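Asker: What follows is a single structure, and I will ask about it in a moment.
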Amino acid sequence: MEQYVKPDERLLYYKCDNVEFAKGHGELFTEFANGIATRQINIINNEMYISSSLKDWNENIGFLLYDGHINSLDLSDSVPTTRIEFENKWKEAILVAINKPQISYLKGDASIPLEENTLIIHVVNILGLWGKGFVLSLSKQFPYAKKEYLKWSKDKETFRLGEVQFVCVDQQKSVFIANMLAQKGVRKNYKDSTTYIGYDALRSCLKKLQGFH
């Protein structure tokens, strides 16, 4: 196939209008530097996924960047394109990503891990009370989390606002519960509008989560 570049250029650009992804067909734009794929734009169902890392993966696409030298890849369905066209597509994909909502909402039971190596975080109170709200579902799934919290509440040295208790509830799947001590009290009744969350304590708890691995 004749390459759409000057012989001395190191960058090559290819596009495919009908490539087969993991869950359907779509478009593909790839940049090669010295024969190695460096950036890729994957488009399926009007959704754009860009990547410059071999580790990037998407359930609809698969891996988002070719792994291997251009000479070892099957580009029979691809045609050369220009750097300008590729860069325009790349910028378009970035703008789409910027304008896309960054928060996804999932409905269901948050106490059930969706995958292994999971840390479930929630806020607990300084009163040593465990009995309402999310903890009911949590203790149903993982009774050990409640047991450890109640045990911790009796430790006057470490049971302080801003502290976090990490409880392993499934060693095989590496599932942990983070009991973040950031609540000064509990609501007395449905008319109680007092804010019991201590935001300084919560900030301290979240910082401790950063060091957990």
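The values are calculated or read from the model by the stated rules, or taken from the named source; none is laboratory data. From a predicted model like this one, the values you see are computed outputs, not experimental measurements. Glycine gets a Cβ as well: all are built from the backbone with ideal geometry, and neighbour counts include every protein chain shown. To get the accessible areas, we keep the full protein, side chains included, count just its heavy atoms, and leave off ligands, DNA and RNA. Shrake-Rupley method; radii C 1.70, N 1.55, O 1.52, S 1.80 Å.
Asker: Largest first, how would Lys23, Lys15, Lys100 line up by accessible area (1.4 Å probe)?
Answerer: Values: Lys23 120, Lys15 45, Lys100 90 Å².
The ranking, largest first, comes out as Lys23, Lys100, Lys15.
Asker: Here's a follow-up. Relative to the longest principal axis of the C-alpha atoms of the chain, give the angle of the C-alpha long axis of helix 143-152, reported between 0 and 90° and rounded to the nearest 10°.
Answerer: For helix 143-152, the angle is close to 60 degrees.
Asker: Follow-up question, since we're still on this one. Within region 116-213, which chymotrypsin sites (Phe, Trp or Tyr not before Pro) sit in a loop by DSSP and count at most 11 neighbouring Cβ atoms inside 10 Å? Show your work: numbers first, answer last.
Answerer: Numbers: sites: Trp130, Phe134, Tyr144, Tyr149, Trp152, Phe159, Phe166, Phe176, Tyr190, Tyr196, Tyr199, Phe212; in loops: Trp130, Phe159, Tyr190, Tyr196, Phe212.
Loop-located and lightly packed - Tyr190, Phe212.
Asker: So what does the Cα-only Debye profile of region 56-152 read at q = 0.18, 0.19, 0.25 Å⁻¹, as log10 I(q)/I(0), no solvent term?
Answerer: Computed log10 I(q)/I(0) values: -1.02, -1.09, -1.41.
Asker: Any chance you could run the full-extension gain for Leu136 through Asn117? It's 0.36 nm times the residue separation minus the Cα-Cα distance, nm to one decimal.
Answerer: 4.6 nm
Asker: Could you sort His213, His122, His25 by their accessible area in this structure, using a 1.4 Å probe and putting the largest first?
Answerer: Descending accessible area places them as His213, His25, His122.
Asker: With axes computed from alpha carbons, what is the tilt in degrees of helix 199-210 against the longest principal axis of the chain, rounded to the nearest 10 within 0 to 90?
Answerer: 50 degrees
Asker: If you don't mind, another one. What are the GluC sites (Glu not before Pro) within region 58-92 that DSSP puts in a loop, where the Cβ has at most 11 other Cβ atoms within 10 Å?
Answerer: Answer by residue number: Glu59.
Asker: Using the heavy atoms of the protein chains and a 1.4 angstrom probe, tell me the accessible area per residue for the chain in square angstrom.
Answerer: For the chain, the per-residue accessible area is 68 Å².
Asker: I want to check the label-to-label distance for Ser174 and Ser53. Put each point 7 Å from Cα in the C-beta direction and report it in nm to one decimal.
Answerer: Result for the modelled spin labels: 1.6 nm.
Asker: Something else: Which of the residue pairs Lys107/Lys207; Lys147/Lys191; Lys132/Lys156; Lys146/Lys184; Lys15/Lys89; Lys132/Lys184 have a Cα-Cα distance greater than 20 Å in the structure shown?
Answerer: Correct reply: Lys107/Lys207; Lys147/Lys191; Lys132/Lys156.
Asker: Could you pull the accessible area for Val79 with a 1.4 Å probe, rounded to 10 Å²?
Answerer: For Val79, solvent-accessible area is about 70 Å².
Asker: Helix-only estimate, please: 222 nm mean residue ellipticity of the chain, summing -39500 (n - 2.57) across DSSP H runs of length 4 or more and dividing by its residues, to the nearest 500.
Answerer: Per the formula, -7000 deg cm²/dmol.
Asker: Quote the accessible area belonging to Asp77 in square angstrom, nearest 10, computed with a 1.4 Å probe and with ligands, DNA and RNA left uncounted.
Answerer: Surface open to solvent at Asp77 totals about 120 Å².
Asker: Give the residue list of trypsin sites (Lys or Arg not before Pro) in region 42-150 that are DSSP loop and have at most 14 other beta-carbon atoms within 10 angstrom.
Answerer: Counting only loop positions with at most 14 other Cβ atoms within 10 Å, the trypsin sites (Lys or Arg not before Pro) in region 42-150 are Lys55, Lys107, Lys132.
Asker: Hey, if we sort Arg10, Arg39, Arg203 by accessible area with the 1.4 Å probe, largest down, what's the order?
Answerer: Arg10, Arg203, Arg39
Asker: Got a sec? Which residues in region 115-155 would a label at Leu209 touch, if it sits 7 Å along Cα→Cβ and we count backbone N under 14 Å?
Answerer: Residues passing the 14 Å test: 118-124.
Asker: Give me Rg/Rg_expected for the chain, where Rg uses Cα atoms only and Rg_expected = 2.2 N^0.38 Å with N residues.
Answerer: 1.51
Asker: Here's another thing I want to ask about it. Using a probe of 1.4 angstrom, how much of the accessible area of the chain is carbon and sulfur, in percent?
Answerer: Answer for the chain: carbon and sulfur cover 52 percent of the accessible area.
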